Amino acid sequence: MLDRRLHLHLATWLGQWPAGPGLHVVGSGRRTRPAWDGRPRPAIAVHAGVSGVLSVAPDRVAVVRDLARHPDNLLNALPTAVGYPGWAVHDDVFRWSVAPAALPDVGEWVPPTTAGLPSWLRLFDRSVLVVRDHRDRYLAGVGIKRHDRHGHELAVGTVPAARGRGLARRLVAQAARRVLDDGAVPTYLHDRRNGASARVAEAAGFPDRGWRSYGVYPS
């Protein structure tokens, strides 16, 4: 049975969940409002096996439904169809966990304005989880994208010199436990070609259930 928090997250984030077989294009006012980083996400889809929901702005539903009749061209044409030509389409594996791996904590929660953090962590408006070396140099970190009160997506990054130490998987598991303690379900998205991110997810307790997410994002 689907976790209730995940069900509520998808229904809130997309505008409808669940869906029957096939791709269902639905309208949601959330696609016209800023997302967690202050920028819009004009199209977001989640596919669970043979069924999926593609969420767009209400005034774009008709044109996207027509486009969806030609699935081979859907991703290429989607940015223009939702009014953002030139924006990128991300096509990801969608994962979640209600039982993160029992890995030891490794990071500390600090404000995103802390000196020495990479620019991508500064996009977050709440504490981020980081590992630093004995000279206070950043090694790895996780930020939490709070899409809604039911679902929080984890984003992780490690500097090249610190890779291979297992820091990312421990940070993801630690952050996932925080999300669950806050009453939400942690999610993890990564490009299907990113083998390193897939290995981190698996080791942190986020299995690949065959789900997919794609959407139109700022370039």
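Only a single criterion out of (1) open to solvent by less than 20 Å² (accessible area, probe 1.4 Å); (2) in a loop (DSSP other than H, G, I, E, B); (3) not acidic (Asp, Glu) is not satisfied by Trp17, namely (1).
Residues in region 161-170 that are of a type in the set (D, E, K, R) and part of a helix (DSSP H, G or I) were compared, and the one that is least open to solvent (accessible area, probe 1.4 Å) is Arg170. Cβ separations smaller than 9 Å between residues 6+ apart or across chains give the following pairs from region 67-80 residues that are closer than 13 Å to Pro42 by Cβ to residues that are in a helix (DSSP H, G or I) and at pLDDT 95 or above: Leu78/Val64; Leu78/Leu67. Here Thr12 fulfils each of the conditions (1) β-branched (Val, Ile, Thr); (2) over 22 Å from Trp120 (Cα atoms); (3) part of a strand (DSSP E or B) apart from (3).
Every residue in region 134-160 that is outside any strand (DSSP E or B) and in contact (Cβ under 8 Å) with a residue 12 or more places away in the chain, please. Steps first, answer last, please.
If we filter region 134-160 for residues that are outside any strand (DSSP E or B), which is where we start, we get 134-137, 147-150, 159-160.
Result: Asp136, Arg137, His147, Asp148, Arg149, His150, Val159.
Only one of the listed residues (Val106, Val63, Val93) is part of a helix (DSSP H, G or I), in contact with a helix residue (DSSP H, G or I) (Cβ under 8 Å, 6 or more places away or on another chain) and either free of Cβ contacts under 8 Å to residues at least 60 places away in the same chain or open to solvent by less than 50 Å² (accessible area, probe 1.4 Å) (or both). That residue is Val63.
On the basis of being assigned to a loop (DSSP other than H, G, I, E, B) and in contact (Cβ under 8 Å) with a residue 24 or more places away in the chain, does Val25 make the cut?
The answer is no for Val25.
Among the residues making up region 171-219, those that are of a type outside the set (Phe, Trp, Tyr) and either assigned to a strand (DSSP E or B) or in contact with a Cys (Cβ under 7 Å, 6 or more places away or on another chain) (or both) are Val185, Pro186, Thr187, Leu189, His190, Asp191, Arg212, Ser213, Gly215, Val216. From the list Pro111, Pro85, the one residue that fits, being loosely packed, with under 15 Cβ neighbours inside 10 Å, farther than 30 Å from Arg4 by Cβ and out of contact with any strand residue (DSSP E or B) (no Cβ under 9 Å at 6 or more places or on another chain), is Pro85.
The values are calculated or read from the model by the stated rules, or taken from the named source; none is laboratory data. Since this is a predicted model, take the numbers as computed values, not measurements. In this analysis, Cβ positions are derived from the backbone assuming ideal geometry, glycine residues included, and neighbour counts consider all displayed protein chains. Accessible surface is based on the protein model in full, side chains and every heavy atom, while ligands, DNA and RNA are left aside. Shrake-Rupley method; radii C 1.70, N 1.55, O 1.52, S 1.80 Å.
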